[in-house]
1. Out of the GluC sites (Glu not before Pro) in region A:39-110, which ones are loop residues according to DSSP with at most 12 other C-beta atoms within 10 Å?
2. Rounded to the nearest percent, how much of the accessible area of region B:5-267 (1.4 Å probe, protein heavy atoms only) is carbon and sulfur?
3. Note the angle between two axes, namely the Cα long axis of helix A:356-366 and the longest principal axis of the Cα atoms of chain A, as a number of degrees from 0 to 90, rounded to the nearest 10.
4. Compute the distance in nm between two label points, each set 7 Å from the Cα along the Cα-to-Cβ direction, one at B:ARG106 and one at B:GLU346.
5. Give the residues of region B:298-326 whose amide nitrogen is closer than 14 Å to a point set 7 Å from the Cα of A:LEU119 in the direction of its Cβ.
6. Please work out how much length the chain gains when fully extended from B:ALA365 to B:ALA240, using 0.36 nm per residue of separation minus the C-alpha to C-alpha distance, in nm with one decimal.
7. Out of residues 5 or more away from B:GLY26 or on other chains, whose amide H comes under 5 Å of its own, with H placed 1.01 Å from N in the peptide plane?
8. Please work out how much length the chain gains when fully extended from B:ARG298 to B:SER87, using 0.36 nm per residue of separation minus the C-alpha to C-alpha distance, in nm with one decimal.
Number of protein chains: 2
Amino acid sequence: MDGAFEVLARDPASGARAGRLHTAHGVVETPAFMPVGTQASVKTLSSEELEELGASMILGNTYHLYLRPGAGRVAELGGLHRFMAWSGSILTDSGGFQVLSLTALRRVDEEGVTFRSHLDGSTHRLTPEGVVHLQELLGSDVAMVLDECPPYPSPPEEVEASLRRTERWAEIALASHRRDDQLLFGIVQGGMEAGVRRRAARALGKLEFDGYGIGGLSIGEPKETMYRMLEASVPELPPARPRYLMGVGSPDALVEGVARGIDLFDSVLPTRVARHGTVLTRRGPVTVRNARYASDERPLDPSCDCRVCRRYSRAYVRHLLNAGEILGLRLCSYHNLHVLLRLMEEVRAAIRQGTFAEVRRAAAALFPRRQEPAAGPRPAPTTEVTG
Amino acid sequence: MDGAFEVLARDPASGARAGRLHTAHGVVETPAFMPVGTQASVKTLSSEELEELGASMILGNTYHLYLRPGAGRVAELGGLHRFMAWSGSILTDSGGFQVLSLTALRRVDEEGVTFRSHLDGSTHRLTPEGVVHLQELLGSDVAMVLDECPPYPSPPEEVEASLRRTERWAEIALASHRRDDQLLFGIVQGGMEAGVRRRAARALGKLEFDGYGIGGLSIGEPKETMYRMLEASVPELPPARPRYLMGVGSPDALVEGVARGIDLFDSVLPTRVARHGTVLTRRGPVTVRNARYASDERPLDPSCDCRVCRRYSRAYVRHLLNAGEILGLRLCSYHNLHVLLRLMEEVRAAIRQGTFAEVRRAAAALFPRRQEPAAGPRPAPTTEVTG
């Protein structure tokens, strides 16, 4: 698809820009945060609720959907949109990250990766062309190439070898992509060296992708390192194409990513911290599960106007979480997504109105910095950690 | 409260009647099914959804809420309605059943019951007057007396001794009840002997309760036995007061209960079977979790117009359940409650229009008989089994 992305406004004092990504299922106003629906479900929430929250594009995960219910089955049922009754846009991650972080006995060779399913131990193989085909079956609006994300930290020679493979795979993916109602994004890797990242972005930027993911970040490195990697990569990418910082969703990193020219973000943060009883507020995260909130009649965030904050108290949500009631997870997840989606709405309006610097300053003060939840290799892969 | 209940119509060919129960939080059209929110939450559903489903009265459980978050805390937070942001009516069960089925080391004496909490093993004591006081703190619209439910089967002499205790406790409860914005219901026990049930109902009916629960049924006995017990008890109760068959929620038993003069029902059935991947339909229960539904594009019940059936397919719900996604439980629970609440709506309209016999015949054909899920003493008491 040509001309899928348009830049509408630029912040003069930073790399921030506001734009529109046109997909087969509508328009995504950028910068945008995409809720993660790993297994064709944004954890605990319904498609109605995602509409109500104003999400315009959500994620699905190719690795997970390939294993269950199967990409062929999703295709047979009319594609991912129809399957999950979601009429907005969908981006599917390639599954490269999940293969490397969730599976046992994986073996990466030059043509692809062989691994055992985290569900039943069965053996599978993903290749760059196979992953494109799977996403064509799923029918997402944006497909991602298969990449390899080296763990943090990794020795330079391993980062280099992995990067060469990722680059070769990107060319194969591009050559094998057929659906013209689906955008295909490449993924910039390159570890934590600015020089390597710069070179990787320049090389990938020469390939005719519809957009560019920046992967292999937010995997345990300090945030300053992540920002330096963005500063090295983004200027090397084609300015007319969207840039997607993968796996980032803490409020401060969203705003700082936007300031460095990022257009799209995704993260399991809002639903994952909800499972730990934490809610995002305009005064920083609040772990509402703590006993100190047992008699707190205030809403999760007194400055929030979401459906949850208009109706329920911290005391009730705390009780639900404490009693193991699913409604507690639902209410926290809904609220957290509302906070991030509203923040991005504000950011978009500010860029258009020339007031992004103020929003950036305010966000830094209102949302104290916090580390992303660890997204690196996980000790005990279960479905619980998938979204 | 006097005149809380009015009978509006009677079916000439059965004991069925349509009426209205006036509580401090509105009008409950009867016969009514009450969704169960054991721990101040109808499992997986929000108060908004219960409103949308048209529930007019829901249940809370005194035993569970006493242990967590504590009746005093609920009172401090403005009572159960405000705590859970539910403006409809609430009935609280006394907790007698839960003490006997969930706790270890319980000891029943003539003045009450001493038991260890299923949560932390701490020792507690409930008495008939204490249970009334707890429910006054919770602020429910209908409170239930503390009763003792003998297991099925039990020897006649044990049923008899237990019944005498329950009857004495009922008098104590009635004498200690203070709140005049709260109705108090007695509970008919009496095991599975028609003669004993008849005598128990006659004795209890002489006490000035606002309504009468019929307890100790649906605990493993054949349905025919349960119906005989209703036929023995109901005619002995004051006709101007509502009758509540406790713990019954299978579609066939609801209709047969109505035919025997029951006005109120509650059961965890709709949310519990949802957790096992089963949905109620107009053609009997469907275990949508089964592999045979993996490619089924039909709604859970093709004849249903609920929000879930209008949007989602069996294939998707099956995937969600199979993948451990909470949304699967939500969708099944919502649909199941819709089925029971709509059935009761039909039943009420039919009684008023003189067509109850037809609805009864149709229901017997449409909802094949099934056993209630076991409600008797449970092997491994965890929070999972509480609602």
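The values are calculated or read from the model by the stated rules, or taken from the named source; none is laboratory data. Quick caveat, the model's predicted, so the values are computed rather than measured. Every residue, glycine as well, gets a Cβ built from its backbone with ideal geometry; the counts of neighbours run over all protein chains shown. What goes into the accessible areas is simple: the full protein's heavy atoms, side chains included, and nothing from ligands, DNA or RNA. Shrake-Rupley method; radii C 1.70, N 1.55, O 1.52, S 1.80 Å.
1. Details: sites: A:GLU48, A:GLU49, A:GLU51, A:GLU52, A:GLU76, A:GLU110; in loops: A:GLU110.
Loop-located and lightly packed - A:GLU110.
2. On the way: 4260 of 8440 Å².
Within region B:5-267, the accessible surface is 50 percent carbon and sulfur.
3. Once rounded, one gets 60 degrees.
4. 3.7
5. Only B:316-325 pass the distance filter.
6. Numbers: separation 125, 0.36 × 125 = 45.00 nm, distance 3.18 nm.
Computed gain between B:ALA365 and B:ALA240 is 41.8 nm.
7. For B:GLY26, no residues qualify.
8. Values: separation 211, 0.36 × 211 = 75.96 nm, distance 3.50 nm.
Net length gain for the segment: 72.5 nm.
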